[in-house]
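Below you'll find the structure, written out as structure tokens, and then a few comments.
All of the numbers you see were taken from the coordinates with simple rules; none came from a lab. Please read all numbers here as calculations on a predicted model, not as lab measurements. We place every Cβ from the backbone using ideal geometry, glycine too, and count neighbours over all the protein chains shown.
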Amino acid sequence: MNKQIEQVTEFRKRFNLPINSGRNSNHLLHHNLIREEFYEMISSLNLIDLSDAIIDQMYLLFGYAIDLGIADKLESMFDEIHASNMSKLDTNGNPIYRQDGKVMKGENYFKPNLEKILKQ
């Protein structure tokens, strides 16, 4: 993940885009660009276009994190979210699914503590 963050940081520097602006971040622009790529993704008709839209979204999300000044914490936050997601198994270690296939929370589920990571 660090290599990709470095690449997007390089892009943002080269194109004079904000880095670590925090609360002054242009949230609306980020949201609109991410929404555009999301709609591109769901309207994709082949694997190439779908892949392009997925990577474009990742690029935009990394850029948003860089702008907010939290990019250096993404890997730790990802690990925390992963641990939380793995805690969704039931007491026997089996997944619980909703009828449409969504993974549901078991009784051992714990909410990720992103605040702890962000305060570090």
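If you take the alpha carbon atoms of the chain and fit the smallest convex hull around them, that volume is 149 Å³ per residue.
Most tightly packed first, judged by the mean number of other beta-carbon atoms within 10 Å of their residues, the peptides 73-86, 55-68 read 55-68, 73-86.
Stokes-Einstein, applied to the Kirkwood radius of the range 73-120 over Cα pairs at a viscosity of 0.692 mPa s and 37 °C, places its translational diffusion at 284 µm² s⁻¹. On a 29 Å Cα-Cα criterion, which of the cross-link pairs K3/K102; K3/K105; K3/K116; K73/K111; K73/K105; K13/K119 come out too long? K3/K102; K3/K105, as the Cα separations exceed 29 Å there.
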